Amino acid sequence: MIEKLFSSPSYDASKVLMDVAVLRQEIFASNLANLETPGYKRLQVSGDFTKVFNEAMKSGHAGKVQMPAVSQDLATPAQRKDGNNVVLQNELLAMSKNGSEYEALVDFVGGSMRTLKVAITGRSQ
Amino acid sequence: MNFLTGINATSGALSAEQTRMDIVAQNIANAYTTKDIDGGPYKRRMVTFESTLSGVNKAERGVRVGKISADQKPGEVLYQPGHPHAGPDGLVQMPNVQMPVEMVDLMSASRAYEANLSVARNSRSLALKALTIGK
């Protein structure tokens with residue numbers, strides 16, 4: 001029972017997703033720190049991580065998904081003369097979305113732990 | 001990995017923006033200083049930012065103040081023969097500080113400062129949320 005709880009595909013998947021959410025938070029911190037740095041190109045998680053992850057999820061190997069690499073976003077055009085392509089609002093919005101996702105994942109992981117506790121103690125508190 | 005994600009980048013940015021605001025304050029304070037330490041009129045200072053690799057992780061890119069340099073653009077010249085710093089022709093070189101430029105700079109620095117503060121708040125709430133696992 002315990003092995004199953006800690007090696008279930010969704011538990012493994014949420015571990016990977018939490019790591020990615022932390023990586024994203026680090027990226028937002030860097031992008032917003034460099035809001036005024038001339039020539040800075042915003043960082044991003046490279047490739048289509050969602051697609052890779054969804055496919056791994058379907059085949060049941062979501063826990064083995066590699067952490068995505070970080071790359072510079074050269075596709076977004078700079079809206080300022082200094083070549084910096086960070087847009088404050090976009091970063092803040094993406095950051096709050098990422099934060100909510102992280103909280104949902106923490107709730108899920110915490111929930112499975114609580115279930116286990118109930119099974120052990122036989123009490124819900 | 002830090003307990004507070006990206007805190008190196010954020011703290012670097014906060015201190016860099018703080019420096020920028022200090023320099024704006026210095027420029028405004030010296031808007032009418034006709035005699036700087038080098039003898040000439042005060043020249044407004046400009047802050048340049050450089051991005052740094054702050055952590056072991058490639059995703060963490062910090063920022064620091066690169067150089068504080070003087071703006072060499074000439075300032076206004078006023079005809080004030082009685083001024084103690086006037087030349088023999090009665091002209092006084094004024095500093096090249098322009099209030100609107102400084103105020104805009106101040107606003108964008110404080111906006112960037114607030115953005116970084118909200119990153120710090122967000123990182124903190126993520127860390128606190130992670131502590132609730134198992135409770």
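Since every read-out is calculated from the coordinates, none of them should be taken as a lab result. Model, not experiment: these values are computed from the prediction. Positions of Cβ are generated from backbone atoms using ideal geometry, with glycine treated the same way; all protein chains shown enter the neighbour counts.
Looking at chain B as a GNM with Cα springs under 10 Å, which of B:PRO88, B:PRO74, B:PRO100 has the largest mean-square fluctuation?
The residue with the greatest mean-square fluctuation here is B:PRO88.
Suppose we take every Cα in region A:53-125 and form the convex hull; what volume per residue is that in Å³?
Per-residue hull volume (Cα only) is 142 Å³.
In square nanometres and to one decimal, what's the mean projected area of the convex hull around the Cα atoms of the protein assembly as shown? Provide the component values of the computation, followed by the final result.
On the way: hull surface 72.7 nm².
That works out to 18.2 nm².
Using the membrane-span-like helix rule (whole DSSP H runs, Cα extent along the own axis of at least 30 Å, mean Kyte-Doolittle hydropathy at least -0.5), which helices of chain A qualify?
TM-like helix candidates: A:9-33, A:88-121.
With just the Cα atoms defining each centre, how far is region A:93-114 from region B:59-135? Give it in Å.
37
Quick one: among B:ALA115, B:ALA59, B:ALA25, which has the greatest mean-square fluctuation in a GNM of chain B with alpha-carbon springs under 10 angstrom?
Most flexible of the set in this elastic network: B:ALA59.
With springs only between Cα atoms under 10 Å, which of A:LEU88, A:LEU105, A:LEU17 fluctuates most in a Gaussian network model of chain A?
Greatest mean-square fluctuation among the candidates belongs to A:LEU88.
Computed over the Cα atoms of chain B, what is the convex hull's projected area averaged over all directions, in nm²?
The number I arrive at for chain B is 10.4 nm².
Averaged across the residues of A:79-88, what count of C-beta atoms belonging to other chains lies within 10 Å of each residue's C-beta?
Working: counts 0, 0, 0, 1, 0, 2, 0, 1, 0, 4.
Counting other chains' Cβ atoms within 10 Å and averaging over A:79-88 gives 1.
What lysines does B:LYS129 reach when the alpha-carbon gap must be under 18 Å and sequence neighbours fewer than 8 apart in one chain are set aside?
Counting by Cα, and skipping residues close in sequence, B:LYS129 has these lysines nearby: A:LYS15, A:LYS97.
What pairs from A:LYS41/B:LYS35; A:LYS64/A:LYS117; B:LYS35/B:LYS67 go past 32 Å between their alpha carbons?
A:LYS41/B:LYS35
Can you tally the net charge around B:GLY134? Count Lys and Arg as +1, Asp and Glu as -1, for every other residue whose Cβ sits under 13 Å from the Cβ of B:GLY134.
Details: positive: A:ARG114, A:LYS117, B:LYS129, B:LYS135; negative: A:ASP107.
Summing Lys and Arg as +1 and Asp and Glu as -1 gives +3.
Using a 10 Å cut-off on Cβ to Cβ distances, tally the other chain neighbours for every residue of B:127-135 and report the average as a whole number.
5
What distance in nm lies between label points placed 7 Å from Cα along the C-beta direction at B:THR19 and B:THR48?
Output for this residue pair reads 1.2 nm.
So how tilted is helix B:99-130 from the main axis of chain B? Cα-based, degrees 0 to 90, rounded to 10.
Around 10 degrees separate the two axes.
Determine the relative contact order of region B:19-98: mean sequence separation of Cα pairs under 8 Å and six or more apart, normalised by residue count, in whole percent.
Worked out over region B:19-98, it gives 32 percent.
Hey, can you rank B:105-111, B:65-71 by average C-beta count inside 10 Å, highest first?
Ranking, from highest mean packing down: B:105-111, B:65-71.
Average partner chain C-beta neighbours within 10 Å, per residue of B:8-17?
For this peptide, the per-residue mean of nearby foreign Cβ atoms is 4.
Rounded to the nearest 0.05, what FRET efficiency do A:THR50 and B:SER125 have when you use their Cβ-Cβ distance and R0 = 22 Å?
Numbers: r = 24 Å, r/R0 = 1.08.
It comes out at approximately 0.40.
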